[in-house]
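The values are calculated or read from the model by the stated rules, or taken from the named source; none is laboratory data. Just so we're clear, the structure is a prediction, and the values are computed from it rather than from any experiment. Cβ sites come from the backbone with ideal geometry, for glycine too, and all protein chains shown count toward neighbours. Only protein heavy atoms, including side chains, enter the accessible area calculation; ligands, DNA and RNA are left aside. Shrake-Rupley method; radii C 1.70, N 1.55, O 1.52, S 1.80 Å.
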Amino acid sequence: MAIGSSTHGRGAVPAAGGTPAGIGAGAGGRVALRGDLLDFGADPAWGDVGSDAVRFRPDHWLLIEDGRIAGTQAEAPDSTWTRHDHRGRLILPGFIDTHVHSPQLDVIASYGTELLDWLEQHTFPAEIRYADAAHAEAGAALFLDALIAHGTTAAVVFPTVHKVSADALFAAGQARGMRLIAGKVLMDRHAPDGLRDDSVEQAERDCRDLIARWHGTDRLAYAVTVRFAPTSSPAQLAMAGRLCRDDPSLYMQTHLAENRTEVKWVHELFPEARSYLDVYAQAGLLHAKSVFAHGIWLDDADRAALHGAAAQIAHSPSSNLFLGSGLFDWRAAEAAGVAVSVASDVGGGTSLSMLRNCAYAYKVQAMAGQRLTAWKALHAATRGAARALGLDHEIGSLDVGCAADLCVWDWAAGPVALRRAELARDLHERTFAFMLLGDERNLVNAFVNGVSRYERGAS
Ligand SMILES: [Zn+2]
């Protein structure tokens with residue numbers, strides 16, 4: 001059963017390669033959506049519930065033309081626009097999940113392990129199956145439809161070590177018109193048979209082929225994808241660094257300082273490095289296009305290096321709690337000027353819903369006596385992530401000219417959330433309750449590049 005599908009009597013709009021069943025504003029289309037528009041014009045300050053960075057336009061029309069946001073207005077547009085009245089509903093930019101593993105839907109919610117055992121017992125066996133092209137293709141379709149059905153319209157994704165898995169993911173992203181950043185996973189040691197690159201040369205050839213085919217094609221971009229330092233030889237890490245140096249427009253994604261046993265292992269494997277982050281820095285993998293998942297066990301020097309390089313941390317709170325990895329210090333990252341985005345890290349994470357992950361992020365900060373506002377969290381899942389990826393001209397907001405990647409949400413679903421919303425005294429309180437109590441069941445309609453790719457209740 002597809003995640004987010006028939007359990008609630010809803011199905012995702014069939015998307016790949018076909019005509020979407022919902023409304024569209026692709027080439028030549030003019031669509032207007034009425035609802036409460038909420039996005040961010042700047043970075044909300046820590047702890048500021050009355051932030052000026054919030055742009056709230058209640059009961060407005062959002063105009064979509066040729067797949068892009070063409071404007072917003074209070075009055076209804078004329079009848080040359082296909083109008084959809086969602087008054088009383090919330091319209092947000094589509095969420096951006098900055099760290100998630102497409103093959104790991106198969107192991108989400110697996111009992112009883114921490115990171116290294118979890119990889120060995122659950123994840124690696126699931127990933128081995130992606131050597132098969134048909135399996136990889138079906139998995140990519142299931143994964144991307146599930147993402148969209150959770151309100152996520154752009155993502156930074158790990159497929160597997162197999163070239164075919166990256167090809168399948170990119171092709172499925174292209175068919176859905178998605179902004180997708182991904183790359184073949186690099187691993188050449190400390191991984192089972194069937195999940196290791198044969199040689200540095202073969203891995204480099206695969207990467208260069210995939211870059212030539214997909215990087216900059218439609219809305220796709222390539223990320224040099226190192227699983228994590230322990231599963232790449234120093235020679236492979238150096239090759240990954242060369243790829244980044246040869247083309248500075250490439251992204252880089254990897255894991256960083258997730259779990260204490262892992263950190264200790266990295267120190268043993270790379271005794272010459274000052275820290276875990278330093279392993280990547282020495283290989284040329286710390287730069288403005290780097291996305292580091294987790295970053296829990298860092299020190300001030302690491303945070304200063306991340307800030308200096310303008311790299312970002314993809315905070316993955318549901319994964320960090322589920323695998324018992326640790327509590328990310330968002331406030332310290334903020335104080336050091338490090339960009340923080342929010343990520344699901346499924347299948348270590350337990351939900352693709354960015355609302356649930358923002359709710360987990362609030363609770364993780366609460367454990368440290370900090371308060372994460374709804375503004376800070378939702379900004380990190382939209383405009384903040386876009387800016388850290390250098391894509392804020394395209395995604396993450398409702399700005400005119402941005403791609404129409406956006407979602408229509410019910411403010412509340414079910415009697416408890418409805419009651420709570422009724423009693424909210426101000427916008428932050430209402431939005432915070434939406435974030436804490438909401439999930440994919442609140443999603444009404446998701447647009448990707450102006451095309452409806454998910455419609456609640458559509459079969
Ligand atoms: Zn991960």
Give the stretch 5-54 a look and list any residue that's at pLDDT below 95, of a type in the set (Val, Ile, Thr) and in a loop (DSSP other than H, G, I, E, B), or say none.
Val13, Thr19, Ile23
Exception for Leu243 within (1) open to solvent by less than 10 Å² (accessible area, probe 1.4 Å); (2) closer than 28 Å to Leu443 by Cβ; (3) not polar (S, T, N, Q) falls at (2)
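Could you say whether any residue in the stretch 122-135 is farther than 30 Å from Arg34 by Cα and among the polar types (S, T, N, Q)?
Yes - at least one qualifying residue is present in the stretch 122-135.
Out of all the residues in the stretch 134-145, is one or more free of Cβ contacts under 8 Å to residues at least 12 places away in the same chain, small (Gly, Ala, Ser) and open to solvent by 40 Å² or more (accessible area, probe 1.4 Å)?
Yes, there is a match, as at least one residue in the stretch 134-145 is free of Cβ contacts under 8 Å to residues at least 12 places away in the same chain, small (Gly, Ala, Ser) and open to solvent by 40 Å² or more (accessible area, probe 1.4 Å).
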Checking Ala403, Ala388 in turn, the sole residue that is buried (at least 24 other Cβ atoms within 10 Å of the Cβ) and farther than 16 Å from Pro44 by Cα turns out to be Ala403
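Looking only at the stretch 78-93, which residues are under 23 Å from Leu355 (Cβ atoms) and surrounded by fewer than 16 Cβ atoms within 10 Å (Cβ to Cβ)?
So in the stretch 78-93, the residues under 23 Å from Leu355 (Cβ atoms) come out as 84, 86-93.
Answer for the stretch 78-93, where residues must be under 23 Å from Leu355 (Cβ atoms) and surrounded by fewer than 16 Cβ atoms within 10 Å (Cβ to Cβ): Arg87, Gly88.
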Which condition breaks for Gln253 when tested against (1) within 16 Å of the ligand (Cβ to nearest atom); (2) in a helix (DSSP H, G or I); (3) under 23 Å from the mean Cα position of the chain (by Cα)?
(2)
So Ala235, is it part of a helix (DSSP H, G or I) and either closer than 17 Å to Phe158 by Cα or under 23 Å from the mean Cα position of the chain (by Cα) (or both):
no
When the stretch 156-206 is checked residue by residue, the ones that are in contact with a strand residue (DSSP E or B) (Cβ under 8 Å, 6 or more places away or on another chain), within 16 Å of the ligand (Cβ to nearest atom), of a type outside the set (Ser, Thr, Tyr) and part of a loop (DSSP other than H, G, I, E, B) are Pro159, Val161, Gly183, Lys184
Taking the conditions exactly as written (of a type in the set (Phe, Trp, Tyr), over 27 Å from Asp246 (Cβ atoms), within 16 Å of the ligand (Cβ to nearest atom) and buried (at least 17 other Cβ atoms within 10 Å of the Cβ)), does Trp330 satisfy them or not?
no
Spot the failing condition for Asp145; the list is (1) farther than 23 Å from Val226 by Cα; (2) within 16 Å of the ligand (Cβ to nearest atom), and only one is missed.
(2)
Quick one: which of Ser318, Ser290 is open to solvent by less than 20 Å² (accessible area, probe 1.4 Å), within 13 Å of the ligand (Cβ to nearest atom) and free of Cβ contacts under 8 Å to residues at least 60 places away in the same chain?
Ser318
Answer yes or no as to whether Arg227 is within 15 Å of the ligand (Cβ to nearest atom) and within 24 Å of the chain's Cα centre (by Cα).
yes
Residue check, Ile64 against (1) farther than 23 Å from Ala377 by Cβ; (2) touching a residue at least 24 places away in the same chain (Cβ under 8 Å); (3) over 25 Å from the mean Cα position of the chain (by Cα), all met but one. Which one?
(3)
Residues to consider are Ala191, Ala171, Ala212; find the one that is free of Cβ contacts under 8 Å to residues at least 12 places away in the same chain, open to solvent by 10 Å² or more (accessible area, probe 1.4 Å) and among the aliphatic types (A, V, I, L, M).
Ala212
For the stretch 408-437, what are the residues that are farther than 14 Å from Val54 by Cβ and crowded, with 24+ Cβ neighbours inside 10 Å?
Val408, Trp409
Step by step: first the residues of the stretch 94-120, then only those that are without any contact (Cβ under 8 Å) to a residue 24 or more places away in the chain and away from the ligand (no atom under 16 Å from the Cβ), then the one that is most open to solvent (accessible area, probe 1.4 Å). Which residue is that?
Tyr111
